[in-house]
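Reading through the C-alpha cells given below for one structure.
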Amino acid sequence: METGNKLQRNAFALAVISGCVLIILLAQFKVINLYIQSVIMFMGINIMISTSLNLVNGNMGEFSCGHAAFLCVGAYVSSITSVLIMAPNDITGAPFLPPELAVLVFPISVFVGGVVAALAGILVALPSFKTRGDYLAIITIAVNYMVISGIENLSVVGGPRGFMGMKKVVKSMYELADIPWMMIFVALGTIFCVLIIRRYVSSTYGKGVNAICQDEIAAEIMSVNTNKVKLVTFMLSSGLCGMAGGLFAHVVGYVNPQSFNILKSTEAMVMVYLGGMGSLSGAVISAVFFTFLLELLRPLQILKWVIIPFTLVLLMQFRPEGIMGNKELTDVFPKLRKYCRFK
Amino acid sequence: MSLLKVEHMTQNFGGLQAVSDFNIELQGGELVALIGPNGAGKTTIFNLVSGFYTPTEGSIRVNGKDTRGMRPHQVTALGVSRTFQNIRLWKDMHVLDNIRVAQHYRMGYSIWDAFARTRNYMGREKEIDRISWKLLEAMNLKEYAYEVPPNLPYGLQRRVEIARAMSIQPQLLLLDEPAAGLNSRDVEELIELVRWIHDTFHISIWMIEHQMKVVMSLCSWIKVIDFGQTIAEGTPEEIQNHPQVIKAYLGDDTI
Ligand SMILES: Nc1ncnc2c1ncn2[C@@H]1O[C@H](COP(=O)(O)OP(=O)(O)OP(=O)(O)O)[C@@H](O)[C@H]1O
Ligand SMILES: [Mg+2]
C-alpha cells in the first residue's frame, strides 16, 4: 500500500507548513500590511469555526444553529483568563505575572476557553440524546440566547458594553519580541483544529458519527454507543470553536456579547453549507472564500447582508450540495493522495 | 448456562399486546426459525431481544445476564447481533466502513489515542482492518469493499448486512426475513451462506422467514406465533402438518 517516498507522502503537510511560514515571514518583514494580516487571521479563525460546525451539521447530520454561543464562551473565558493574569484590571488589580510570560499565558488561556466551551457543549449534547432535527435546532438557538443574555447580565465582565484589556496582553508579547505572534498562534490553532477533526473523522471511532447521521438506530444496534459519540462530538465541536473564540477575542482586542448573536451563528452555517456538508476540505475552502467575500463587500456596509443571504438562496437553488458536496479534495483529485498521507 | 433465555416475555403497545408470554431457550449452536403471519409480533420479539424495547413483563437473559435496563449497544456487546427486515445499511459509507463501524464496541482505544495517533491506536485500527478484510473475503464481498450499498444489487445488500452483523463476532445472530425480496438464485445463495456461517462459526442463528423453503432446509426447530401468542413449536415435519399452523396461515373458515 505504501507508495512514493516519504517526502512525497508528506508533500501536502510540508506545503501547508511552508505556506504558513511564508505568510508569517511576509508579515514579519512588513511586506503585507496590518489590514491584510488581520484578514488572513480571520480566515484562520473562520476555518476553525466552519470545520468545527461541520462536524456537527455535516458529519453528524444535526442542525446546530447556535454555534456562536461556543465562540462567545471561548472568547470571554480566554479573555478573562489572560487579562486577569497578565494585565492590570478592575477585579484583581495588578497583574499576577510579569509581562514576559504573556507568550505562555496566552495560548493557555485560549486552551482554557476551549475547555470551558466544550463543557458548555454539554448543554446541547444532553438534549440530543432524546431529540433530533428541528427540536434540537431550537435548543441550540436557545443556548445561543442563554449565553449572550447571561453575559449581558454579568456586569463584572462589562455586561452589554463588552470586555476589553486583551490588547495589553497582546502588546506584552510584541514587547518581548517583535514577531507576528498573533499570526503564529492563529496558524497553530487552525492547523491543530483541522488536524484533530481530520484524525477524529477518519478513525473508526469517528466514523460512528457518520453512522449516527445515516441511521441512528442501526448505529446503536451495531454496537455504537450513540450517546457517548454524540457527547464527544458536540464537546469536540464546541471546544474547538471556543478556541477560535479565544483567538478572535485577542485579535480584535475587544469583545461584546452582541458580536456572538444569531447573525454570527448564521455566518458559520453559511460557511458549512457553502463548503458542502461533511466535507472537511470544503469547510476550509469555503471559510477562506467567505472571509474574502466579506472583505470584498465591506464597502457596501449593511447591504452586504442582503447580498450574502442572497448568494445562499442561489446556492440552495443551483448547487444545494455546496462547493464540495460530501467529498474531500482527495476524492475529487485522487492524484493528491500520493502527496498527503493523512494519518 | 444457556446463551439466551427468554421467560414470559410480554410486550404491550398501548392497548395492543404485540407479544404475550413468549419463552425460548437457546444453548448455543442451534438454527431455529420464528414464523407467523404478518403482524404476528415476530419483529417485535427481535426488537426486544436486541434491547431496542424493554419488555413490559418477563425477562431476557444473555449468557446469564439480565438485559433489562441495558441500551441496545450493550446487549450487542454481549454477543447478540442482527439484521433488519428492511435493510438498514449506512448508505453513504462504503461496504468496508460499514463492516468497520460495527466493531465499535471492541475498538480498544480511547478518543485521545485517536487524536494522538498512538501506537495502540495504529495497532487496533490495523487489527480492525485485518478482521474486516478477512470477513469480506470469506463472504465473497471483497471486490465491493469500496462500493456504497445503494450501488449494489439487492441480494448483495442483504449479504453485506449479514457481513456487518457478523463483524460483531456474535454468539447469536438474529436474521429478520433475510430472503425477503430475493430472486430464486439469491435465495439459494442465501441458504448456502447461512449454512456456511453456521458450520464455520458454530453460532446460534435465529431467523424470521416467510419462505418455507428456506426454513425447511435450514432450521431444526421452528416456533410459530400468531397475534403475539405462541401457537406451535417443533421440528419442520411436525410444524408442516400442525392444524393450528395451517389455520393461522390460511385463515379460520369456521367463523
Ligand atoms: N413501536 C410500535 N408501536 C405500536 N405498535 C407496534 C410497534 N411495533 C409493532 N407494533 C405492532 O405490533 C404488531 C406486531 O408487529 P411486528 O412488526 O412485530 O410484526 P411481524 O410479525 O414482524 O410482521 P411482518 O411479518 O409484517 O414483519 C403489529 O400489529 C404492529 O402494528
Ligand atoms: Mg417483521
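Coordinate-derived values only; no laboratory data. Only a predicted model underlies this, so the values are computations on that prediction, with no experimental measurement involved. Using ideal geometry, Cβ is built from the backbone for each residue, glycine included, and neighbour counts are taken over all protein chains shown.
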Filter region B:74-107 for residues that are of a type in the set (F, W, Y) and not in a helix (DSSP H, G or I); the one that is farthest from the other protein chains (Cβ to nearest Cβ) is B:F84
Restrict the check to region B:3-17 and report whether at least one residue is in contact with a strand residue (DSSP E or B) (Cβ under 9 Å, 6 or more places away or on another chain), assigned to a loop (DSSP other than H, G, I, E, B) and buried (at least 21 other Cβ atoms within 10 Å of the Cβ). yes
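Would you list the helices (runs of 4 or more DSSP H) that sit entirely within region A:1-105 and hold 1 or more residues that are in contact (Cβ under 8 Å) with a residue 40 or more places away in the chain and surrounded by fewer than 21 Cβ atoms within 10 Å (Cβ to Cβ)?
Where helices (runs of 4 or more DSSP H) fall fully within region A:1-105 and carry at least 1 residues being in contact (Cβ under 8 Å) with a residue 40 or more places away in the chain and surrounded by fewer than 21 Cβ atoms within 10 Å (Cβ to Cβ), they are A:6-9, A:11-28, A:34-54.
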Looking at B:G36, is it away from chain A (no Cβ under 14 Å), within 9 Å of ligand 1 (Cβ to nearest atom), buried (at least 16 other Cβ atoms within 10 Å of the Cβ) and in contact (Cβ under 8 Å) with a residue 40 or more places away in the chain? yes
Condition check: part of a helix (DSSP H, G or I), away from ligand 1 (no atom under 16 Å from the Cβ), in contact (Cβ under 8 Å) with a residue 24 or more places away in the chain and hydroxyl-bearing (S, T, Y). Does B:T43 satisfy that? no
Unique residue being of a type in the set (A, V, I, L, M, F, W, C) and over 29 Å from A:W181 (Cα atoms) when the list is A:F129, A:F163: A:F129
Complete set of residues in region B:108-134 that are assigned to a loop (DSSP other than H, G, I, E, B) and surrounded by fewer than 16 Cβ atoms within 10 Å (Cβ to Cβ): B:G108, B:S110, B:R117, B:T118
So which of B:G28, B:G51, B:G69, B:G64 ends up being within 16 Å of ligand 1 (Cβ to nearest atom) and either surrounded by fewer than 22 Cβ atoms within 10 Å (Cβ to Cβ) or within 14 Å of another protein chain (Cβ to nearest Cβ) (or both)? B:G51
Residue that is farthest from ligand 2 (Cβ to nearest atom), among those in region B:55-73 that are over 29 Å from B:Y249 (Cα atoms) and part of a loop (DSSP other than H, G, I, E, B): B:G64
Report whether or not B:E177 is acidic (D, E) and within 14 Å of chain A (Cβ to nearest Cβ). no
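Quick one: how many residues across region A:267-310 are of a type outside the set (A, V, I, L, M) and surrounded by fewer than 18 Cβ atoms within 10 Å (Cβ to Cβ)?
Of the residues in region A:267-310, 10 are of a type outside the set (A, V, I, L, M) and surrounded by fewer than 18 Cβ atoms within 10 Å (Cβ to Cβ).
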What strands (runs of 3 or more DSSP E), lying completely within region B:158-255, carry at least 1 residues that are touching a Ser or Thr at 6+ places or on another chain (Cβ under 8 Å), within 16 Å of ligand 2 (Cβ to nearest atom) and among the aliphatic types (A, V, I, L, M)? B:172-176, B:204-208, B:221-226
